[in-house]
């Protein structure tokens, strides 16, 4: 049990620290660094404690019940592979956070940076540890969202905004494809649990939907890992601060793509399609990235394309899929994360101390920055695959995996040659980085005088370079056991023998490595003029940058195509467009309802049915009258529409639905009042258009009447179809039997809302909060001019005094009614679990009390006596509802599980009590806040006075 709790802490701690970091003040970077560093240290300590349980093929699984019936439990699973990945996330994360303390300026919004970095670490932890494939995609998309915030951290820069947008569009679109693939996999296997999916490889690959699943899955993986042709977003993401680039592009963001490839290789790999697509894309990406990196002038641009190349190497190994290839892929993930993080930090130090990253201006820095130069040279040599460094060992294993015969296909035969060429370009751009930046004449036109950075800023680079040397010199002692545990988690206990040694004798892999290194030196030395000219000298390099194609496609699908479709399909005016939508709905309903058997028995008509028919004749008369009055008098039309609502309310009472009747009555009152306040916003009428003598106006009204009749008849047909196809034993019967036994309430409707389907209610109140905030924001932004501004102030004041005298009696009555209305709201709330009422009805009633004060009294008078901060009411409601749901986890039951019992209260006796009442309290608070917020937006602008100044916290007041 302790191990499972530690596993949950591993996921939750970064998110909690992220929320705390966001509250820290700007200016001091020490508090953020200590908080973030301790968070990563805690993660590393937890991983150290858990390692014995995952060594040699062990795993830890913890499941938090969420929506078990839909297969969406929160399952977290730690094995050797996930453990090794988490070591990279937490270990390199700690070093990056320390580095950021000295890289970022004191006046930068550092709390936001640290908050986002910690949230990203939590998102990666959730992705790596997810044991449910649907929740894995949720965390996958969360990494895309947080990376958008990190890449666009300096949002005042256009390149940062464009890079963040590009990264989000590409990776989030791939995430949607991945979601569809995971849903299909779950349907094929019959489970969304990762354990079941990994054990059903033959079932998945043999299914007829396997090609579709494979393509969708690979699109998601390739977009995240920047594989060709989706590679273009990664270089554009270099507009982010260097700590972000170092973290996202060495150990986290882009590694998520190769992580998921290796994780699902046992389930989806082993087929010709997997080999051809994955290995082909990996080899193309590796060669293309290495080639382009050689010609980049920007230090981070060179490192970005080298990252693309090395990700292609790992992807190619995942596509080859042999046991030794998988081991090599895991090994190179670790090695690349270590040397690439150190190189990004070194590039950041150079930029920080010299003021530029342009290699055409940098030269001879080894004299001014000898320690930084030594560290960067070692890391670059590791990237090039120089012996006695960690990059050399995994490169040797990669060459061996490509040299060994796999399936004899043309791609298999070409793999060794592509690998050697990519290795040659890798050696060439690493050599260019070393020679150009650190050797040669000392640069004299730099923006700043170069010097060594603070020792603590250099410390993370030193630690990573030491790791490069340690793994390169003693690989088995430093990484052997961890690599074996991670490999067993992918390949199973039957792990083939592999040896992490510096010297394996003269073999094909060593010969390929020597050829690649020698060829790389020649590539750098011979065409030096082309390399110095960079991408401007070779048009083919620009053609490999698909960023322009992406921008063109984005413009086409977001602007050009919609405009063309709008010209073809649009109709002038909102009413015409609504008319087209309604006709399409009618056509779809007719097509769906046509095959049904419409043999409806005609009911017997008695006096009770005649009274009910008379009631609806009144309702129809109000509706027709409202439609007729709408062209003459909007106020009268609104009152008649209220009559229709009352008839609907009476219908609910007639058909024994008191809860619906109460809700309908209260909502009718609230909407009618709000519409009354907003009537003056409507535009003035054109008498020539609405007049009876206008034939076009009459035809339009007749057309709308016919359309309304057709829609009404369609809704009647749908209701009859539901009644005709209703099974004998419906779900409603189940709720009637179990509402009191399992929900502790006799009001079935309320028990359904706050217990059986409380999660739906939680989603609905969240939407209501969003709508309330949106309405408030829109009405505050688009305000009509006050009529009083167009008239002399004495005249306005005289009119206000006369109106206040006229409304004196109604205002006093409304003031007297306020207390009874609040009492009624409390009555409806407390009886809601057993009798008609509940949190929603009570919230609307409470808001109505405030509405009446606004309508009948002066706004200034109301706001001088009643102070409600509606945004806080809404926030409190959401927090209470979520806290009640999450409180179930403390007792080991699913989210929003209700507990009820009878409490003994002195002088009263036993009374029912349920946690659902607390959830209902959250609903009540949010409903009050949302309605009052919309009321503020309308009342301040529709009544006769200007609004009071807003409060300092940005909320309106009532």
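Hey, can you tell me all the residues within region 379-425 that are under 18 Å from residue 462 (Cβ atoms) and crowded, with 22+ Cβ neighbours inside 10 Å?
379, 380, 381, 382, 383, 389, 390, 391 - these are the residues of region 379-425 that are under 18 Å from residue 462 (Cβ atoms) and crowded, with 22+ Cβ neighbours inside 10 Å.
Go through (1) modelled with pLDDT under 90; (2) more than 22 Å from residue 288 (Cα to Cα) one by one and return the number of the condition residue 413 breaks.
Going through (1) modelled with pLDDT under 90; (2) more than 22 Å from residue 288 (Cα to Cα) one by one, residue 413 breaks only (2).
Have a look at 149, 117, 95 and point out the one that is modelled with pLDDT of 90 or more, touching a helix residue (DSSP H, G or I) at 6+ places or on another chain (Cβ under 8 Å), surrounded by fewer than 22 Cβ atoms within 10 Å (Cβ to Cβ) and farther than 21 Å from residue 53 by Cα.
Exactly one residue qualifies, and that residue is 149.
State all residues of region 658-673 that are modelled with pLDDT under 85 and surrounded by fewer than 17 Cβ atoms within 10 Å (Cβ to Cβ); if no residue qualifies, say none.
Matches in region 658-673: 671, 672.
Does at least one position in region 889-911 carry a residue that is modelled with pLDDT of 85 or more, under 31 Å from the mean Cα position of the chain (by Cα) and buried (at least 23 other Cβ atoms within 10 Å of the Cβ)?
No: zero hits.
Can you say whether residue 361 is on the phi < 0 side of the Ramachandran plot and touching a strand residue (DSSP E or B) at 6+ places or on another chain (Cβ under 6 Å), as far as the supplied structure shows?
The answer is no for residue 361.
Any idea which of 349, 330 is touching a helix residue (DSSP H, G or I) at 6+ places or on another chain (Cβ under 6 Å), in the same structural domain as residue 493 (by TED's automatic domain parsing) and within 26 Å of residue 84 (Cα to Cα)?
After ruling out the rest, the residue left standing is 330.
Which condition number in (1) surrounded by fewer than 21 Cβ atoms within 10 Å (Cβ to Cβ); (2) closer than 29 Å to residue 290 by Cβ; (3) touching a residue at least 24 places away in the same chain (Cβ under 8 Å); (4) in contact with a helix residue (DSSP H, G or I) (Cβ under 6 Å, 6 or more places away or on another chain) is the one that residue 495 fails?
Checking residue 495 against (1) surrounded by fewer than 21 Cβ atoms within 10 Å (Cβ to Cβ); (2) closer than 29 Å to residue 290 by Cβ; (3) touching a residue at least 24 places away in the same chain (Cβ under 8 Å); (4) in contact with a helix residue (DSSP H, G or I) (Cβ under 6 Å, 6 or more places away or on another chain), the one that fails is (2).
Based on what the data block shows, is residue 63 in a helix (DSSP H, G or I) and not assigned by TED's automatic domain parsing to the domain that holds residue 489?
no
Could you grab me the full set of residues in region 231-253 that are part of a loop (DSSP other than H, G, I, E, B) and at pLDDT 90 or above?
241
Please note which helices (runs of 4 or more DSSP H) are completely contained in region 158-217 and include at least 2 residues that are more than 18 Å from residue 132 (Cα to Cα).
158-189, 201-205
State whether one or more residues within region 533-555 are within 30 Å of residue 703 (Cα to Cα), modelled with pLDDT under 80 and not in a helix (DSSP H, G or I).
Looking for residues that are within 30 Å of residue 703 (Cα to Cα), modelled with pLDDT under 80 and not in a helix (DSSP H, G or I), one finds none in region 533-555, hence no.
Mind checking which residues of region 221-258 are closer than 30 Å to residue 189 by Cβ and more than 20 Å from the chain's Cα centre (by Cα)?
227, 230, 258
Within region 370-404, which residues are in contact with a helix residue (DSSP H, G or I) (Cβ under 7 Å, 6 or more places away or on another chain) and not in a helix (DSSP H, G or I)?
Within region 370-404, 385, 386, 388, 389 meet the criteria.
Quick grid of which residues meet (1) closer than 30 Å to residue 29 by Cα; (2) modelled with pLDDT of 90 or more:
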| residue | (1), (2) |
| --- | --- |
| 458 | yes, yes |
| 461 | yes, yes |
| 465 | yes, yes |
| 468 | yes, yes |
| 472 | no, yes |
| 482 | no, yes |
| 486 | no, yes |
| 489 | no, yes |
| 494 | no, no |
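Under 8 Å between Cβ atoms, at least 6 apart or on separate chains: pull out the pairs that start in region 510-535 with a residue that is more than 20 Å from residue 420 (Cβ to Cβ) and end on any residue that is in a helix (DSSP H, G or I) and modelled with pLDDT under 75.
Correct list of pairs: 535/541; 535/542.
Sort out which residues of region 565-611 are more than 47 Å from the chain's Cα centre (by Cα) and at pLDDT below 80, and write them in order of number.
599, 600, 601, 602, 603, 604, 605, 606, 607, 608, 609
The values are calculated or read from the model by the stated rules, or taken from the named source; none is laboratory data. Treat the numbers as computed from the prediction; the structure is a model and nothing was measured. Neighbour counts are summed over all protein chains in view; Cβ atoms, including those assigned to glycine, are modelled from backbone coordinates with ideal geometry.
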